[in-house]
Amino acid sequence: MRHLLSSFRHHHRITPPRIHFIFYANYKPQKPQPPPAPPSPPNPPKKPVTFTHHGESWEDPYSWMSQLNDKVAMRHMDVYMEQEEKYTEAVMSDTERLQSKLQTEMGSRLSNDLSTPPLRWGPWLYYRRVEEGKQYPVLCRRLARANEDFISNKSPSAGFDFTSGKRIEQKLLDYNEEAEKFGGYAYEELSEVSPDHRYLAYTMYDKDNDYFKMYVRDLNFGSLCSKPQADWVSNIAWGKGGQALLYVVTDHCKRPYRIYCSMIGSEQDDVLLLEEPGENGYVSIRHTKDFQFVTVHIFSTTSSKIFLIDAAEPLSGMIPVWECEAQSHCVVEHHQGYLYLFTDAAKDGQSVDHHYLLRSPVNCSLNGRKWENIFSDNLEFIIEDVDFSDKHLVLIVRDGRNFRLCSISLPLPSDKEEIKLKELSPQFLPLPKNVSQIMPGTNYDYNSSTMRFTISSPLMPDAVVDYDLSCGKWNIVQQQNLLHETTKVLYGTSSSASFIQSPRNLGSNNKVNPEEHSMWNDLSEFYACEVHDVTSYDGIIVPLTVVYSRRRKKQAENPGLLYGHGAYGEILDKRWRSELKSLLDRGWVIAYADVRGGGGGGKKWHHDGRRTKKINSIYDYISCAKFLIEREIVQGNKLAGWGYSAGGLLVASAINICPSLLRAAVMEVPFLDPTNTLLNPILPLTPADYEEFGYPGDINDFQAIRKYSPYDNIQKDTLYPAILVTSSFYTRFGVWEAAKYVARVREYSVYDPKHPVLLNLTADIVEENRYLHCKESALETAFLIKMMES
């Protein structure tokens with residue numbers, strides 16, 4: 001090697017300079033190549049169809065995309081979808097390296113947990129874990145008394161502990177094996193273990209037939225029971241201590257309308273308990289937490305009724321216990337001879353803004369039944385949710401915009417009709433800062449003093465917390481620690497934080513002390529969370545939550561992303577999501593607009609953003625977007641919007657009103673064509689959908705729908721922002737709505753290759769595959785970054 005190198009140097013030394021001169025003299029620099037022409041967007045065929053309703057006519061040139069039974073139309077649709085896929089790939093081809101980098105970033109932040117936190121119920125610990133190299137989890141259990149022997153930290157090694165020599169894990173259901181039955185795809189909707197721990201009832205989605213199939217597995221033998229097995233199942237509940245299974249089936253329009261009871265092990269046919277004949281009647285069932293009763297909820301466009309079935313004798317009939325106006329939220333629980341009703345139904349004919357709690361003795365007829373209000377109407381807090389155990393009642397309450405968690409000892413005094421909360425010596429449980437939502441766990445162990453909740457915050461990965469209500473001890477059983485890229489140990493001796501403290505009484509200010517705060521894996525040292533009051537167009541104050549990196553925030557220089565939903569009275573999801581860290585660390589501001597129509601502000605807040613008032617939620621979103629720009633929280637020409645499902649309608653409608661407000665928008669499986677969908681539903685709709693978006697048969701609702709519909713109000717000859725619409729071939733999401741919207745935006749708006757309108761399609765449910773979710777999130781994030789930099 002040295003000799004070759006020496007020869008090379010020698011040759012280089014004796015080369016005359018003239019040779020170099022001749023080389024350069026003959027060199028002709030290449031002319032810079034013009035940039036490639038931008039790809040041309042697809043141009044689907046138009047087949048105009050005219051519709052008329054309430055005397056108004058309109059034309060839809062892309063109606064053919066929703067003709068699922070027209071084979072010719074579907075062949076055209078297949079060709080069009082392939083063109084859209086290639087167009088999106090071409091437009092995003094220059095971001096392939098960025099997408100790869102983002103996917104690596106997001107994948108590295110995926111929780112390292114190979115298991116859900118074990119849930120104790122009776123003598124068992126139930127959990128799901130993922131085996132290495134497998135796509136879907138395995139449902140398992142092990143005896144709680146063997147927990148300390150289970151010293152394997154990450155993998156149960158097929159359930160065998162080589163140190164103790166004991167097989168302590170039992171596999172109940174392997175969803176990878178289930179996927180083999182359904183074309184490599186496993187999506188479970190329901191899963192219920194019987195109260196005697198003998199059987200598992202579960203439903204799996206059959207995507208070829210578009211319904212859920214129910215199975216029952218004998219956990220003692222690991223085999224499927226011959227019956228019951230049923231299709232089109234929407235609800236299940238156990239009776240007779242696990243010897244009977246009640247289930248609800250839907251008709252072919254997916255309306256839940258029949259309740260059956262099956263005796264496990266019996267060869268007799270399943271018994272039909274109820275059939276709801278009305279087209280607008282819907283049925284659901286659930287067991288009370290003590291498994292003594294099964295509640296039957298029948299709701300329609302005119303009323304809401306609740307019946308009670310004795311779980312010990314499920315064939316003995318149904319007892320009516322409650323009836324109220326339609327679209328009221330009603331949940332019945334049982335505790336020591338009393339029924340407890342958590343509802344937001346009208347009181348004495350007067351509408352109420354929030355939920356309240358009632359109780360009534362079990363042994364009463366409907367006519368003689370008296371429901372008494374438990375808490376006085378001047379309650380210091382707003383009750384958002386409740387959960388029961390044998391000895392405790394836990395209230396999730398809201399004090400203004402602050403969530404709190406409150407425990408009360410049971411039973412409640414029976415000699416008082418209305419009680420003030422402070423008279424019950426409520427204990428307030430520890431919480432971190434900036435809580436955006438508190439979700440009760442399944443909490444199946446009715447006799448346990450420990451209850452599990454998931455605590456969410458914009459500045460903290462979700463924390464699964466066990467609270468021992470008898471002594472005040474609390475334990476974070478699972479939470480990702482992004483600072484150390486680890487999560488808390490789930491097997492063997494736990495390393496999670498536990499803390500004994502004096503319970504707080506009602507007068508406590510609930511402040512978090514520094515010692516307590518450090519246990520929550522909070523990221524407030526690196527990111528900030530602010531809540532602003534935004535005045536909407538009609539003077540209503542709309543909460544706007546803003547999250548940003550402390551290190552990267554600059555006045556009027558940061559790009560921003562504004563989330564919105566505003567439907568069904570649901571609280572806007574403001575949880576910390578690891579995929580957003582890639583934007584935050586690149587200087588983006590993430591904002592959440594709690595517009596009317598959503599949750600967190602009571603029933604009036606919800607009703608003021610639905611049906612004829614749906615336009616309020618859209619203008620609320622626009623007001624929040626303008627606030628971010630005017631206050632220089634984000635740069636004026638670098639604000640993007642994001643919406644999922646009904647949130648996609650919100651963002652798309654806002655773009656129609658103010659096309660120049662956003663630079664880009666991402667809409668995931670959006671609801672974009674309400675006029676045609678509500679008038680001629682291809683997929684089944686529920687009364688809640690019509691109550692939310694309007695009844696086309698009502699002329700006022702119809703006119704409101706026509707006014708806010710994204711598909712029907714696209715501005716002509718106007719430059720629209722860059723738009724990425726994602727949808728799925730999973731037909732329940734209606735891929736044609738996305739395709740129609742994209743085609744019409746391109747047709748009407750001014751074409752600019754720097755403002756592309758893209759349609760991204762997947763053949764699977766993204767949420768069910770976290771790696772696919774990373775890939776899709778990387779594409780969306782790369783799209784946003786590309787549009788802001790173009």
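The values are calculated or read from the model by the stated rules, or taken from the named source; none is laboratory data. Bear in mind the structure is a predicted one, so any value in this text is a computation, not a measurement. Glycine also receives a Cβ, built like all others from the backbone with ideal geometry; neighbour counts cover every protein chain displayed. Just the protein is used for accessible areas: all its heavy atoms, side chains included, with ligands, DNA and RNA removed. Shrake-Rupley method; radii C 1.70, N 1.55, O 1.52, S 1.80 Å.
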Need one word for segment 387-479: rounded, prolate or oblate. Basis is the Cα gyration tensor (sqrt eigenvalues a ≥ b ≥ c); a/c below 1.5 gives rounded, then a/b vs b/c decides. oblate
Taking protein heavy atoms only, a 1.4 Å probe, and rounding to whole percent, the accessible area of segment 387-479 owed to carbon and sulfur comes out at 43
Value of D in µm² per second that Stokes-Einstein yields for segment 187-373, Kirkwood Rh from Cα pairs, at 10 °C (1.306 mPa s): 91
Calculated FRET efficiency for the pair Thr302/Thr50, C-beta based, R₀ 41 Å, to 0.05: 0.75
Give the angle, between 0 and 90 degrees and rounded to the nearest 10, that separates the Cα long axis of helix 71-91 from the longest principal axis of the Cα atoms of the chain. 60
For Val296, what is the net charge nearby, where nearby means another residue's Cβ is under 11 Å from its Cβ and Lys, Arg count +1, Asp, Glu -1? +1
Between helix 770-789 and the chain, what is the angle of the helix's C-alpha long axis to the longest principal axis, kept within 0 to 90° and rounded to the nearest 10? 50
Just to verify a number: FRET efficiency for Glu557 and Asp752, C-beta to C-beta distance, R0 = 25 Å, to 0.05? 0.55
Can you work out the accessible area per residue across the chain, with the rest of the protein chains kept in place, probe 1.4 Å, in square angstrom? 46
At a 1.4 Å probe radius, carbon and sulfur cover how many percent of the accessible area of segment 634-690? 55
Can you give the net charge of the other residues whose Cβ lies under 11 Å from the Cβ of Gly587, counting K and R as +1 and D and E as -1? +4
Taking H as built 1.01 Å from N, whose amide H comes closer than 5 Å to the amide H of Arg552, not counting residues under 5 places away? none
Using modelled amide H (1.01 Å from N, peptide plane; none on Pro or chain starts), what sits under 5 Å from the amide H of Cys658, excluding residues fewer than 5 places away? none
Which listed pairs, of Lys47/Lys181; Lys626/Lys786; Lys553/Lys775; Lys47/Lys707; Lys716/Lys754; Lys240/Lys574, have C-alpha distances above 30 Å, in listed order: Lys47/Lys181; Lys240/Lys574
Normalised contact order of segment 310-366, rounded percent, pairs of Cα under 8 Å and 6 or more residues apart: 30
By average Cβ neighbour count within 10 Å, what is the ranking of 261-269, 684-692 from highest down? 684-692, 261-269
Expressed as a whole percentage, what fraction of the accessible surface of segment 262-316 belongs to carbon and sulfur atoms when a 1.4 Å probe is rolled over the protein heavy atoms? 47
List the lysines whose alpha-carbon lies under 25 Å from that of Lys347, not counting same-chain residues fewer than 8 positions away? Lys305, Lys370, Lys416, Lys420, Lys422, Lys603, Lys604, Lys613
Compute the helix-to-body angle for 2-14: its Cα long axis versus the longest principal axis of the chain, expressed 0 to 90° and rounded to tens. 40
Classify the chain as rounded, prolate or oblate, taking a ≥ b ≥ c as the square roots of the eigenvalues of its Cα gyration tensor: rounded when a/c is under 1.5, otherwise prolate if a/b is larger than b/c and oblate if not. prolate
Mean Cβ count within 10 Å, highest first, over the residues of peptides 306-315, 86-95, 584-593: 584-593, 306-315, 86-95
